[in-house]
Every structure is written in C-alpha cells, then in structure tokens.
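Peer 1: Before I ask anything, let me first share the structure, which is written out below as structure tokens.
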Amino acid sequence: MQTTMLFSEADQEWRPVPHWVEFLIRLGYDWPDGVSGQRRIALVSMPCDSAAASLIALGALIRDLGNPNANDIDGHYDSLLRYARQYLQSCSLCDMPCDPGSKNCGYAAQATGWVRYQHTTRYRVSERTSLRNRHLAFVRGKSNLTRYPLPEGAIDWQIAGDPPVRLTNQDGALPEEAYGQIVDRAPILHGNLLKSFSGLCLAGRVAGKTATREVCGSVRFRGANGEYALPELLTVQEWAQSNAVSRMNYFNARTEQFDRQASAPALVVADGDASILKTLRLSAFQRSDVIGAVHRTMERGQLEAIGNRVHGLRQWYAEDYGMLGRLPAAPRGISVLILVRGAS
Amino acid sequence: MAIAASRIFDFLERQEAGTVERHEISLAAFGALRRSLRQIVLRLRDSDDQDALSLSGQLRALLSEWLTIPVAFECSMLDAVSGFFRRSEAGGTRWGSDIQALYDEAIRATENLRSVENPVRDEIRLVIWELRAQAQTFKVYCHRRARPHFETIFIVPGELPLSEDTFLHSVQDYRNTEPFDTLIKVGPLRARGWGSAPDALLTAPRFRTLVQVVWSGCSDEPGFGYDPALPPTDNTATDGATPPVAVSIGRRPVQWKTLVTRSGEDPGAAAGYTPEEDELRAFREMDQSRDERRATLFEIAGKHGILYPPHSEVLSFDPASSACEPIDYRRPGESLHEGLYIILPRLGEVDLGGVRAEHGHYSRIWKARLEQQWRTDASGLIKRLQAAGLNLVYLGAAIKHWCEPPSTVIHAPQTMKHFEILVRVLGVGSDAEVPQHLRWGSWSQFAWVEIARSRGEAIQTGFEEQGIVDEQSLLSLRRLIAIIRAEALAKADFLLPIPDGNGIRGEFAFFKVYRVEEGFRAPEAELKVVRELSVIDKWRD
C-alpha cells in the first residue's frame, strides 16, 4: 500500500503509518465487492482495544470511491417510494411509541414522513401519493403546496435525517488527496466525492455512538495538504461538520438504529464483540458481508461467545484461504479468520 | 482505550519469542496433605448427607486456595485444618473408617508443615529479588484476596514492600497496563475458577517473561490462550502439562519458549511419596457430572455477592446521568457491569408480624442475644454451638459476622438447620411471642423467612405470573427514579419501600456492584440470591 501519510494516535507524535494500521486499511480496501455473490464473514482479533473496525471501514470506503456504482443515486427514487409506503401504510397509522423490535412491524426505524427539497425546504409525504402507480406527492406545511417529483428529479429530494444524495457544487466535496494518499494510487472517481453511499455500514460499539467516535477520534493522518481525523474521513453523519455527503451508513448497536433510511448494506464492519453478535443476528444484515473486529483482552466467556458464533457457521461456510493469501502478512498480534459461503 | 494500540504493536514487533519460566515445587508433607484432603473431598461428595456435602465443599475451597495462592503454612491455613478435624472427632464413626484414616494422615501432614516455610513463597521471594537486582519491571497477576499473601512475603525488616501498582487483579487491569518485563503468576493457567487469569496473557502478551510458580501436578488448562479467530482445536489431545508453547496469531505467531525448573523433593526418591494428581482438574470434572449451571459473580458490599447464570435478565439501575434508560433489565457479561446497582424486589404477601413495619424485626432480637453471649463468654458459646452440631470451619469469625446489625442484608447462618441450632443454643424467641394469627409457624421459622427474604429468596405469593411482577416492578421503579438517584448518591446499598398504589407491596433492595467475576458453577438454589463470598467460593470452578 505504501502510504505517504503520517499517523498519530492518542495525541502522540507523528510517525509513518504503522504496519498494523496499513494492514487493517488494506483488509477493507481489498475486500471483494460482492460481485461473486458469495457472502463472506471475517473476524479480526486484536491484541488490544483499538480503532481497528473504523480503519477497516476506511479501507472499504476508499475502495468504494473507485466504484462507479457505489452511490445512492440509482435507487434513490425507489428509496423515496419505500419511505412513502412505510409512512403511509404503517408509521402514520401507528399510535405506539416507535419500537419496531417490540411491535414486530418489519421495519428497522420510524418513517416520519418528512423530506427536504434541495437540502432546505421541508415537505411531508402526501396522501396523494400513488404507490400503485409509483407516483410520489409531497406537501409543504400549511400552504398545501404539493409537488410531484419525477424519477429524473428525485435527487433534489432527501429523506429528512438522511445525507444529501449528491452535492450540486464542489463545496463540501470529500478530500480526494487524503484518501488518495492513505491508499497510494487508489483509483478515485471525482464524482463519488460529491455523492452519498449507503452500501457500506459501520456497526458501532454497543456502548453507543459517542464511544465509537471517541475511539476513532484518537486516530489522525497528516498528508501534504493537511491533517485529517479518522471520524472526518469516515464521513459518518454528524461526526464532522465538514462532511456534507456521507459514504458510511452508521448502525448504532446500542439502540439498533441506522442513521438513515437505506436498504441492506453490502458490507458491515462491526466494532466489538457485542456489536458483532448483533450484526450476525439481525435480519437487516443477513445478506451483507460482515467483518468483525474484536480485541482479546476480555473474559473467556465473551471470547467464547464470539468464537462459538463464528465457528458455528462452518457448517455452511469454508475458510477463504484465497482471500487470506492475497493479504499481506498480518502483523504479530492480529489473527484473521475469513469464511466464505459455499457455492449454492 | 487507555493504551495506544501502536505502543502494544511496537512492543510485540520487537519480541520474537516470549518465555514461560515454569517453577514446579514439590514438598512431601504438602503432597500428603493434598492427597488426603482430595480423597476426603471426593468421597464425601458422593454422600447423600448434607453435612458431608457441605464439608466437602469447604475442604475443596481450602485446598484450591492453597494450590493457587502463596499462603503461609504457619498461619490460618493450619488452624483451619486442625480446627476442622478437631470438630470432626466423630468423623470416623459417622462417615467410615476410611475417612477417619484420611483425617489422621492430614493431621500428621499438617503438623509436619508447621515448621516449614511455604516453598512457593520462597520461590516468589527469590524471583522478585532477582528481578529487582536486574532493575526489571514486573507485575503480579492474582485474585484481589490473594494479594495480602504476596504482600506478607516482603513485610520483613530490610525488604522493600510490593507497591500498589505491582498487582493486576482483572482483565481490565491487564488491558490498561503498559508493557513491562515480567509477569508473576502462582498456580496453573486457567481461564475460570481458582487462580484464573485472562487468556490474553498468552494471546496478547504485555510482557516478555511469564514466571509461573506452581505446585507439582497442577497442569495448565487445555486450551488456555483462546483466540476466537483461530480454528477450534482438539483440546483433549494435549497433556496439559505445559502451556501451549506456540500460540498461533495470524501468520506470524508469538512464540512461547517454556523452561521448566523443578525443585523440592524428587517424587521418585522420597519413601512413601507419590506424585501429586491435579486436584483442580479433578474437582472440575466432578462438577461437570453434577447438575450445576455456569454463573457470574457480582460482588456487592459487606463481602457478599450474587451469582447469575448466563443470559439472566437482571433488574438493575445505572446511576450514570448519560444512561438512556436508568432502570432496566440487563444481562451479565453484556450490559450489567461494575458501578451499576442490582435491584432485588422483595415482594409478597407473607405476613411476618412486625417485619412489614420494620426490616430486621426478628434479627434484632436474636442478634442482641448473640452479641451479649459472645461478649461475656465467646469460647463457651463456640463450644455449645459445636456440641449442638454447628460445625463451621471458622465459627468464631462467623459469629462475629452474624453479630453485625441488620442492614440491606441480614448477616446470619447460611442454612436453616444451622440457624435453628443457633436460636436454640441462644435460647431466644419463644413461640408464644408469635402473634396469634401467625401461629402456623415457629418463632425461628419466621426469623428464618426474614433472613431468606433479605437475601432475595422472597416468596412471591399472590401473583399468578412472574412476568406481571417484573413488569410492575419496572414501572414502579421508573416512577421512583428521582428518589433512587438521590439515594444512590448517598449510599452504596439501600432499601426503597414501594409506595401504595403500584399494584405490588414490599420493597426494593439496591446493591451496588463492585466487581464482576466469571468462573463459577452453582446449583439452581444458589443462583440469584445474596450469599457471603466465603460461601460462594465453594462454587468457584
């Protein structure tokens, strides 16, 4: 990978990016993009607590920046339709405090019905929406001004709480030079720096989003054009003011909520034992590739819970020696297990 | 994340191979004591007699402690053995001549050990002297209660005491420690139970050398050094005599080089001396054939604790202001941890006379009499209790403990049989004092219900479904959150009466969790109730 950047952790002095960091970023970067259709599950075990999951996720994010299909534009009109359907047929009729797990309504989170037009004006899904004919209708507040977006103009609309699908100008574009230096010569499509993507997910620590961010926040990179904190590079919504678009869907393992309305991600990187167990259990991730990062300075019971869960998959999965062989040698202290589902 | 990960990786990269220096100690007299006690434990364990089972458990705990902690031979260890045998003079006739012969052998061995310094302590002293001479940084991994036994090795004139930061007591302590030169560990490497240590000692070393001081015959647990990302191995194939010498980590494993040094009597040379067996392993195998469940200990104040089986839903309170839902059901090992409060609802319809108005109504009466008799004639009281059949190992210490005034928990004997003996010997509580409408039970029965209730063994009659009770408890507690927060600021443990109009009657007892420890197997009746730590030790794996 031969990154040209410098690295600092926990406010210590700048140094070349250490081998363990390079290895983890490379693991995410080299992760197959799912074209084979074979689901993979990996467990990365670390000798200490670290930002391992976030670094793997960063590698996968850089990989996706070079993928012309890695954006939320193509399926955006369908996303709006799904959101409208959930709101009209379920959430607007529900008088319970929102708890999809208890209600067993089949949704992961509440659809409030609110959408934004060109990042600013608030509208709500209108009852004039025709789900059968795939025609959307949004109404603006008390004015009753109703708009009927067409598929080709759908990217002007975003679900409230979701990141914008695409920026209309260069302000807020992601820093190409940072990603391009972290993985040297990584192909990056300029257009992707302006677009959000929800196919990659970081499942945070079960302690919550703040705890996950704190761990990430201790890691910084410095390149020719400036310094970049890991939370900023990950583009998780609300983690950095500078991020207008978000290329990382965040799953809060404590509340079991996503930070956006999105369909199942292609790859989930789970941080910590409890988060991995949840990721492997929840139906939202049943088709996703999963990379779990865990440290070994835990009680035996916790280690066994993870080990039993992952090794229990061996009846359907085989070790992916090919993938392991393509990776550089793991630094001393890191163990990696990659399982791939047998061809069906 | 206390230690920067790069610091750990830099340390591991510099280290081609770690070293396990295993010092195996033999001593004929201690071997004889081990052998006789082991056989007593195993034979009494097969008995149907509750006293025999209880004695077996106590002896097992004692022996396990001695094998994993550097106790001084001349102190309480020998008092405990000889005291136990003194009170068991009738043992030969009660449990057979074979047990009597084993008693006699143990007594002889105990007397032989009186004049001997524990060689494990000698070895630790020598190791630490050498490390200090070489200016090496070192730490000791041990249970919190083992710590004084290490400290006393160096409490002599001219010795530098062991400092506070020398000790590591938990995986959290280990996780937060900077790399150092040498780790000292007494006893075999086991993931659970007596002398347990984190697997990370081998899979995520923070040190270059592990000095392990063990009694001969005590083998490391097969599979110690577990890494969930490595393929499962067949643990039965290993002999368990040494730690796994090469723990495979990724494709550049940390190598462990094991050097074994044996000292003491050569098992082949001493007459009548046979090599020791592995008691810790034998006891574990014995457990596996019994109907016991794995459990986690939650240590609370006053040397008490509560065992919970895996996947329990424990009603608890999180005092942190950031807690999303302060009162909730939480799981051991997941969200129930140190600093939180366990809540035991003491609900029910059992009318205990005065107790509804006053927690500890009966206990105040018998404790006052106990305290008075202990003050005036302690040795006479001990003799009378022993003669009546109350044969605990540390009876004097137990009586002092029972004298303590009732708090959130009522300190009292652990079994009803022992409690009835105590009440009878004290001559307290006439049945005539029981209110007329409660004449269905004796005074001692009501006093015992009061004790059991304080331990969480509440009799929840009058409710058809436990689920209704749970739900109602949760709702009631959430309404009381402001009061609970105020109480928790002031006290570690407290009782909170349930106000009228909540659909349930009784009170909630709050216990702050000080420590969480895995590695117990206990019968159903010992789970989810408050017990003294000395009693819980019996269930250590």
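Peer 1: Helix-only estimate, please: 222 nm mean residue ellipticity of chain A, summing -39500 (n - 2.57) across DSSP H runs of length 4 or more and dividing by its residues, to the nearest 500.
Peer 2: -7500 deg cm²/dmol
Peer 1: How tilted is helix A:300-311 with respect to the longest principal axis of chain A? Cα atoms for both, answer in degrees (0 to 90, nearest 10).
Peer 2: 70
Peer 1: Shifting gears a bit: Measure nothing but the geometry: give the 0 to 90° angle between the long axis through the Cα atoms of A:52-65 and the longest principal axis through the Cα atoms of chain A, rounded to 10°.
Peer 2: Value to nearest ten degrees: 60.
Peer 1: Please give the FRET efficiency for B:R331 paired with A:N133, using the beta carbon to beta carbon distance and R0 = 51 Å, rounded to the nearest 0.05.
Peer 2: Calculated value: 0.60.
Peer 1: Rg over Rh of the protein assembly as shown, using C-alpha atoms and the Kirkwood radius, what does it come to?
Peer 2: With Rh from the inverse mean 1/r over Cα pairs, Rg/Rh is 1.03.
Peer 1: Only Cα pairs under 8 Å and at least 6 apart count here; give the relative contact order of the range A:76-159 as a rounded whole percent.
Peer 2: Relative contact order, the range A:76-159: 29 percent.
Peer 1: Once the other residues with Cβ under 15 Å from the Cβ of A:A186 are scored (Lys, Arg +1; Asp, Glu -1), what is the net sum?
Peer 2: Here the count lands on -3.
Peer 1: Residues of A:325-335, mean number of Cβ from any other protein chain within 10 Å of their own Cβ, rounded to a whole number?
Peer 2: Per-residue shielding by partner chains comes out at 6.
Peer 1: Using Cα pairs under 8 angstrom and six or more residues apart, how large is the relative contact order of chain A, in percent?
Peer 2: 25
Peer 1: What residue among A:S130, A:S246, A:S288 shows peak mean-square fluctuation when chain A is described by a Gaussian network model with Cα springs under 10 Å?
Peer 2: Top of the fluctuation ranking is A:S130.
Peer 1: In addition: Compute the Rg/Rh shape ratio of chain A: radius of gyration over Kirkwood radius, all on alpha-carbon atoms.
Peer 2: Ratio of gyration radius to Kirkwood radius for chain A: 0.98.
Peer 1: Counting other beta carbons within 10 Å of each Cβ, put B:H361, B:H149 in order, fewest first.
Peer 2: Starting with the residue having the fewest Cβ neighbours, the order is B:H361, B:H149.
Peer 1: Shifting gears a bit: Take B:V156, B:V529, B:V211 and order them by how many other Cβ atoms sit within 10 Å, fewest up front.
Peer 2: So the residues, fewest neighbours to most, are B:V156, B:V529, B:V211.
Peer 1: Stretched out fully, how many nm does the piece from A:E177 to A:Q286 gain, at 0.36 nm a residue minus the Cα gap?
Peer 2: Full extension from A:E177 to A:Q286 adds 35.7 nm.
Peer 1: What distance in nm separates the two pseudo spin-label positions at B:H311 and B:S163, each 7 Å out from Cα along the beta-carbon direction?
Peer 2: 4.7
Peer 1: Which residues does a label at A:N144 reach in the range A:103-134, if reach means a backbone N under 19 Å from a point 7 Å past the Cα toward the Cβ?
Peer 2: A:123-130
Peer 1: Remind me, what semi-axes does the range A:101-215 give for its equivalent ellipsoid, largest first in whole Å, using sqrt of 5 times each Cα gyration tensor eigenvalue?
Peer 2: The answer is 32, 22, 13 Å, longest axis first.
Peer 1: Something else: What is the order of A:E127, B:E221, B:E130, fewest Cβ neighbours within 10 Å to most?
Peer 2: Ranking A:E127, B:E221, B:E130 by Cβ neighbours within 10 Å, fewest first, gives A:E127, B:E130, B:E221.
Peer 1: Beyond a 20 Å Cα-Cα separation, which of these cross-linked pairs lie in this structure: A:K209/A:K278; B:K139/B:K185; A:K142/A:K195?
Peer 2: Cα-Cα > 20 Å for A:K142/A:K195; rest within.
Just so you know, all these numbers are worked out from the coordinates, no wet-lab data involved. Just so it is clear, the structure is predicted and the values come from calculations on it, not from any experiment. Virtual Cβ from ideal backbone geometry, glycine too; neighbours counted across all protein chains shown.
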